[in-house]
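Have a look at the structure below before the remarks.
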Amino acid sequence: MIEFRNISKVYKMGEVEFVALKGVFITVRQGEFLSIMGPSGSGKSTLMNIIGCLDTPTEGFYYLEGENVAGLTFDQLSTIRNRKVGFVFQNFNLLPYATAYENIELPMLFNGKKAGARRQRVSELLEMVGLSPWARHRPTEMSGGQQQRVAIARALAMDPPIILADEPTGNLDSKSGHEIMEIFSRLWKGGRTILMVTHDPAIAAFSQSTIRLLDGAVQQDGAAT
Amino acid sequence: MRMQLLHLYWNEFRKRRKKTSLITFAIAWGALSLLLLMSFGRGLSNAGSVSFKGLGSTMIMVTRGQTSKPFQGLPRARRIHIHMEDLELLKRQIPGIALISPEANNSHDLSYRGKESNRSVNGVYPCFAEMRSQIPEAGGRFINDLDQEKARRVAFIGWSVARELFGDTDPVGKELRIEQTPFTVIGVMKKKQQSSMYQGPDSETVYIPFSTFCQIDFQRFLDRIHIRPAHPGDALFMENQVRRVLGRKYRFADDDANAVNFWNTIRDYETGAKIFKGIEMFLSVIGALTLLIGAVGVTNLMYAVVKERTREIGIKMALGARRRHIVMQFFLETFAIFFKGTLWGALIAFNIVSLVNLVPVGYDDFGIEAYLLRPIFSFDILIVFLVVLFVLVFISGIFPALRASRQNPIEALRYE
Ligand SMILES: Nc1ncnc2c1ncn2[C@@H]1O[C@H](COP(=O)(O)OP(=O)(O)O)[C@@H](O)[C@H]1O
Ligand SMILES: [Mg+2]
């Protein structure tokens, strides 16, 4: 489903070049739950961003569901971000001036779903993350755990096959963190492919397998746990 | 674009807007200036052409002159007079004369019930009124064909003469004495603006039938001949024809510009109209520049807004926003600012124009106020205004909006 062949990413800051990923090969099969660990600055987020088509590799080939992503236009990549992947960020990244309902609805607005279908889907998702009473509240009125649940609901709005979670529990207390992880487990059991970055082995324990990054390279010990 | 998306954009605009009041004011000021300058410019232009028409806008006036070059052995500086017979000659020899009238005038003592005055009395044909835009007040009339034929003692008087001799009473039907000869007043001239004249304003003149004039005041020469060509476009051609025909009779060169003199109001009118149009355009450009300054302000503001919302743009991109979704948001915000400012500016402009038009303007002294106090809005002004506005909205909105949409999603998400 996700295949990286010799992916490298180099950031140029003026004269200085910084190699964030070097020669990464990974393959993620459909329905896998993979966690990515590694020290800060090792390139985990960069990897996730490339998988989610927010960023493009400097070198190498990336196949998403068999399709080479290189050379797609911005709007084509937007369509992939919209339909194939759902992002969950460490800092939630909810729109501050939109309610929980509106945040969840947003991906469907970019896609042009019918109003009735949107309403149905948003209430389904709110119910799934247990926030139906919070539909009309803004992010600032909610706890971190609640915000992250809104973010998960939003990531699921277009029913994407892949969930990309970059330290989803990083800003949460352990109780909320576990609640979040329970949702991910359910999603995984429902057949979704999940990639998750984390520092916490207890969180990584929810996943099927783990890969480790160090200085932009994969350390090959990622056998199933 | 989905309604819900517009709703979200509207909320983001309302909740997160930078202080827009100053910019809105700048746009309002610019729109106000542009609208006012265009409408006052148009008023000026209109007043200009109205007062040109006061003399008569489509006529050629021929008066005596003096040769400026020798011709067939004759010396220069010969006086050339025009005569009554020339009228028939011109009519016969030049096709395309629609109207033609002689005019002879002299100052005479006027009196009515002990009030006295000395004013110019002019003998003319009935068609003179049409060429010279002389319209009678209700209840009166101009000289007609029968008056001319029977040499009736009737007079059509300017409104200043009427006020001077008759005060508040209606002069029509009253007996006016011209050098002791009684005349019946048949009409008073309706007030009009007149910016150019010979011998004095029409308002201070008494008109009588040409035939009657010849009985009370013997003159060998005509003072003027007035001609209206059938087609105003033929004005210059007509002028040359008249010069040629008279040149043959009085023996002066076809290209002698001073042998007889012409006052070609058609040509004057066209030149005048061009000058006024020029002024009008100049004013409009100044107004547009004022609005442009506001537009530059909006662009600056929008760049700041784009910067402020960088993260939100990144979030939207991560959720699958296409370029046009981002472009649209900032474009619509630009439009909203312009819309609000313009609404205020236009409201104030319309009120000012309506109020100024309430100020009464006199016609006697065709002073400055007739030019300045009659601003006007017309359909084409509105169209020009909207075109200028939309061009400015587009120019000032497009660059910030493009910058917003061309950002790298990762950079945008990392922006603090
Ligand atoms: N847009 C960028 N420009 C420059 N350097 C970047 C950029 N994104 C990431 N980096 C650098 O690349 C390295 C890897 O970053 P990242 O993938 O965010 O690491 P991690 O998520 O593992 O902490 C870091 O040292 C970071 O400073
Ligand atoms: Mg990171």
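Each reported figure results from applying straightforward, stated rules to the coordinates on display, with no laboratory input. As the structure is a prediction and not an experimental result, all values here were calculated from the model. Please note: Cβ atoms are built from the backbone with ideal geometry, for glycine as well, and neighbour counts cover all protein chains shown.
To test your reading of the geometry: what angle, between 0 and 90 degrees and rounded to tens, separates the Cα axis of helix B:84-93 from the longest principal axis of chain B?
60
With angles folded into 0 to 90 degrees, how steeply does helix B:3-16 sit against the dominant principal axis of chain B? Use alpha carbons for both and round to 10.
90
Find the eigenvalues of the gyration tensor of the Cα atoms of chain A, then list the square roots of 5 times those eigenvalues as equivalent ellipsoid semi-axes, largest first, in whole angstrom.
Rounded to whole Å, the semi-axes are 29, 20, 17.
Could you order peptides B:145-152, A:178-185, B:42-49 by the average number of other Cβ atoms within 10 Å of their residues, highest first?
Ranking, from highest mean packing down: B:42-49, A:178-185, B:145-152.
What nm value, rounded to one decimal, do you get for the distance between B:Lys307 and B:Asp268 when each label is placed 7 Å out toward the C-beta?
For the pair B:Lys307/B:Asp268, the computed spacing is 6.1 nm.
Under a GNM of chain B (C-alpha, springs under 10 Å), which listed residue has the highest mean-square fluctuation: B:Lys19, B:Lys69, B:Lys340?
Most flexible of the set in this elastic network: B:Lys19.
Measuring from label point to label point, each 7 Å out along Cα→Cβ, what is the B:Trp10 to B:His83 span in nm?
Result: 8.6 nm between the two label points.
Report, in deg cm²/dmol and to the nearest 500, the calculated mean residue ellipticity at 222 nm for the protein assembly as shown, where each DSSP H run with n ≥ 4 adds -39500 (n - 2.57) and the sum is divided by the residue count.
-15500 deg cm²/dmol, from helical runs alone.
Is there a pair in B:Lys69/B:Lys91; A:Lys113/A:Lys189; A:Lys22/B:Lys307; B:Lys277/B:Lys340; B:Lys115/B:Lys192; A:Lys12/B:Lys19 whose C-alpha atoms are over 29 Å apart, and which pairs would that be?
Distance filter (> 29 Å) returns A:Lys22/B:Lys307; B:Lys277/B:Lys340; A:Lys12/B:Lys19.
Among B:Ile216, B:Ile381, B:Ile348, determine the one that fluctuates most according to a GNM of chain B built with springs between C-alpha atoms less than 10 Å apart.
Maximum fluctuation in the GNM of chain B, among the listed residues, is at B:Ile216.
Averaged across A:74-82, how many Cβ atoms of other chains sit within 10 Å of each residue's Cβ atom?
Mean shielding count: 5.
For segment B:60-265, what does the equivalent ellipsoid look like in terms of its semi-axes, each the square root of 5 times an eigenvalue of the Cα gyration tensor, given largest first in whole Å?
Each semi-axis is the square root of five times an eigenvalue, giving 33, 17, 15 Å.
If you line up the long axis of helix B:379-405 against the longest principal axis of chain B, both from Cα atoms, how many degrees apart are they, to the nearest 10?
Tilt of helix B:379-405: around 20 degrees.
Please report, to two decimal places, log10 I(q)/I(0) for segment A:94-159 at q = 0.20, 0.25, 0.27, 0.28 Å⁻¹ as given by the Debye formula with identical point scatterers on the Cα atoms and no solvent.
Summing over Cα pairs of segment A:94-159 leads to -0.66, -1.04, -1.20, -1.29.
Could you work out the local net charge near B:Pro409, counting Lys and Arg as +1, Asp and Glu as -1, over the other residues with Cβ closer than 13 Å to its Cβ?
Its environment carries a net charge of +3.
Can you give the net charge of the other residues whose Cβ lies under 15 Å from the Cβ of B:Phe399, counting K and R as +1 and D and E as -1?
Overall, the nearby charge balance is +3.
List the residues, sorted by chain then number, that are 5 or more residues from A:Leu213 or on another chain and whose placed amide H is less than 5 Å from its amide H.
Sorted by chain and number, the residues that satisfy this are A:Met37, A:Gly38, A:Gln219.
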